[in-house]
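Everything on this sheet refers to the single structure shown next.
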Amino acid sequence: MQPPATSNRCKICSTPLFAFLSLGRMPIANAFLSGEDLLKPEFFYHLEAGYCPGCHMVQLLTVIPYEMYLRPDQQQKRNYLFFSSTSSHMAQHFSEFAAEITGFLKPDSLVLDVGSNDGITLQAFDRQKYRVLGIEPAHNVAEIARGKGIETLTEFFTEQLAEQIVRTKGKARAILSSNVILNIADLNAVMRCINILLEDDGIFVFEDPYLPLILQNNTYDQFYDEHIYYFTAHAIASLVQRHGMVLFDARQQEVHGGSMRFYIKRRQNISIPISPRLAELLYQEEQQGLASFDAYRTFASRADASRRELIALLRQLKSQGKRIAGYAAASKGTIVTNYCKLTPDIIEYVADSTPEKQGLYTPGMHIPVVSPEHFRSDHPDYAVVFAWNHIKEIMEKEQEYLGTGGRFIVPFPRVRII
Ligand SMILES: [Zn+2]
């Protein structure tokens, strides 16, 4: 396994980075620990993000190798704990994505999904009309996709694999990806793969969290080990241009707290016009100071203020004898608890509905994870919601807790009690 690598140079263009955000000593966000693990040394690194003045790309300074957050099972196969299809809201989102892409396809076109997870996007394509192929390095989720009849290669996205696919299946008319590109350390290599695989008039469309929304909502907890990059339209336009391609559109999506779907084509493909929406987005980014240091410097000081505010509130409640829990053992919670140093004497436990996480301890702060049933019967006075992006669903599910005097604390965009 490769060790974590730290550099203060841009991973795309080698320009020295302007490091603007430091969230301190951090464990792997999804590395929940068993009681036995607590006795062993835990891995920590310094979570720091930088802005590249050369190509506008915001990125982590330390890259944690993929192998460190994919859990090998007894047969040493890579597994991933996040299943795309668990949320019905996400299933609908991806079926709309597929419907939109279908407009670009011809009969028998090949559609690729990079990081296809359990096949949630590809299953929405009419497989009588189009050929679909998933690429998914995690065995457990790839197996679920195959169970649905979706051909899936359990491989990393490399140039060698791209050439192999072209040899066996031909080139792709559409290459898709959702919440994956931001995890790949070598984005120049990704673009080389796209160049190998894409038909001359094909499109590469991917969506990932949109950095300006992270800055706007002050959600510093979206910075974590799996997300190496944080995208603006400026950064994507610059990246793809290095590889003979053009960003021709970008559309905002209401998932994961606000994502952007980016549309890319080859430079010589003049059949697709550049969308006026993209010009507007680039203009807005400039107005917000995202093409210079300013916006990033301001964000870092707001993250620090948010931390102080949350700590002050929790300390005040503790001094009044109140009991506080956490809600949702999400990776975001690992960032908040470690950045704010919320130990089990402040947050007694975290409730989570994932059975695999119950009985474990949160990374770094070692807060026990319990079931929502335990949370409801124990009824602590307050619960800090770590999955703020699902706050509506959580409030509906916990009406009884709220109706009987329980209160949620939401850390973003401003610390508030509901
Ligand atoms: Zn750069």
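What follows is calculated from the coordinates using simple rules that are stated; it is not laboratory data. As the structure is a computational prediction, the values presented were derived from the model and not from experiment. Here Cβ is always computed from backbone atoms with ideal geometry, including for glycine, and neighbour counts include all displayed protein chains.
The table that follows gives values for the structure above.
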| quantity | calculated |
| --- | --- |
| Per-residue Cβ neighbour rank within 10 angstrom, fewest leading, Asp294, Asp304 | Asp294, Asp304 |
| Relative contact order (%) - segment 306-405, alpha-carbon pairs under 8 angstrom, separation at least six | 30 percent |
| Ordering of 141-150, 380-389 by burial proxy (mean other Cβ atoms within 10 Å per residue, highest first) | 380-389, 141-150 |
| Ratio Rg/Rh [Cα only; Rh per Kirkwood] for the chain | 0.97 |
| Cα-based helix-to-principal-axis angle, 276-287 vs the chain, degrees rounded to 10 | 50 degrees |
| Between 0 and 90°, nearest 10: helix 187-197 axis offset from the chain longest Cα axis | 40 degrees |
| Label-reachable residues, segment 235-259, where backbone N falls under 20 Å from a point 7 Å from Asn195's Cα toward its Cβ | 235-248 |
| Cβ-Cβ FRET estimate between Ala312 and Glu400, R0 fixed at 25 Å, reported to 0.05 | 0.30 |
| Exposure proxy ranking, count of Cβ atoms within 10 Å, fewest first, for Ile367, Ile184 | Ile184, Ile367 |
| GluC sites (Glu not before Pro) restricted to DSSP loop in segment 7-71 with at most 11 other C-beta within 10 Å | Glu36 |
| C-alpha long axis of helix 88-102 to longest principal axis of the chain, angle in ° | 10 degrees |
| Segment 341-418: GluC sites (Glu not before Pro) in DSSP loop, at most 12 other beta carbons within 10 Å | Glu356 |
| In segment 354-418, trypsin sites (Lys or Arg not before Pro) in a DSSP loop with at most 16 other beta-carbon atoms within 10 Å | Arg414 |
| Theoretical FRET efficiency, 1/(1+(r/R0)^6), r = Cβ-Cβ of Gln284 and Glu36, R0 56 Å, to 0.05 | 0.65 |
| Cα-Cα over 24 Å, subset of Lys106/Lys265; Lys129/Lys171; Lys318/Lys357 | Lys318/Lys357 |
| Distance (nanometres) between label positions extended 7 Å along Cα→Cβ at Glu159 and Thr62 | 3.0 nm |
| 222 nm mean residue ellipticity, helices alone, for the chain (DSSP H n ≥ 4; -39,500 (n - 2.57); rounded to 500) | -9000 deg cm²/dmol |
| Percentage relative contact order, the chain, counting C-alpha pairs under 8 Å, at least six apart | 15 percent |
| Two-site FRET efficiency, Ala305 against Ile391, from Cβ-Cβ distance with R₀ of 25 Å, rounded to 0.05 | 0.75 |
| Theoretical gain in end-to-end length, Ala19 to Glu151 [0.36 nm per residue, Cα-Cα removed] | 43.3 nm |
